[in-house]
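Comments concern the structure below.
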Amino acid sequence: MTAKAPGPLHAFFVRLRARRGHQVAAVAVARKLTVLCWHLLTKQQDYLWARPALVANKLRAMELQAGKPQRKGNRRGPAYAYNVKALREQEMRLAEQAERSYDHLVAHWRPRRPKAGARGSPKPAGPE
């Protein structure tokens with residue numbers, strides 16, 4: 001699912017799939033997602049690219065499964081459906097922007113040469 005929704009993980013999946021194949025890309029995204037979850041849990045942070053409306057729907061579904069009472073009736077008014085649709089479209093645009101930003105970062109990536117004296121780097125030429 002992560003590889004299908006717009007965002008940085010989707011861009012990573014597409015880039016890797018083009019080079020290494022679908023299954024390798026799927027495993028790489030799964031590993032990246034696992035590491036991401038570990039960092040978010042240990043640092044007690046929220047995912048930067050989470051879609052708030054989607055998170056709210058999932059939290060409400062978990063509350064209902066846990067036995068919290070349902071809210072009967074629509075007290076939000078007729079404009080609510082339009083607002084929800086506009087909010088979801090706005091969140092999708094934000095996720096697509098994050099994906100484009102990741103693509104731009106990767107396209108302009110310039111690896112740095114290791115510093116002199118760093119492990120694995122060639123020793124500077126000179127008298128011994």
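Of the residues making up the stretch 41-51, at least one is surrounded by fewer than 11 Cβ atoms within 10 Å (Cβ to Cβ), modelled with pLDDT under 90 and among the hydrophobic types (A, V, I, L, M, F, W, C).
Output the residues belonging to the stretch 75-128 that are outside any loop (DSSP other than H, G, I, E, B), over 30 Å from residue 11 (Cα atoms) and modelled with pLDDT of 75 or more. Spell out the reasoning first.
Taking the stretch 75-128 and keeping what is outside any loop (DSSP other than H, G, I, E, B), we get 80-107.
From what's left, over 30 Å from residue 11 (Cα atoms): 80-81.
Residues satisfying the conditions do not exist here.
A single member of 33, 9, 41, 16 is of a type outside the set (Lys, Arg), in a helix (DSSP H, G or I) and free of Cβ contacts under 8 Å to residues at least 12 places away in the same chain, and it is 41.
The values are calculated or read from the model by the stated rules, or taken from the named source; none is laboratory data. Keep in mind that what you see is a predicted model, and the values were worked out from it rather than measured. Don't worry about glycine lacking a Cβ; one is built from the backbone with ideal geometry, like all the others, and counts go over all protein chains shown.
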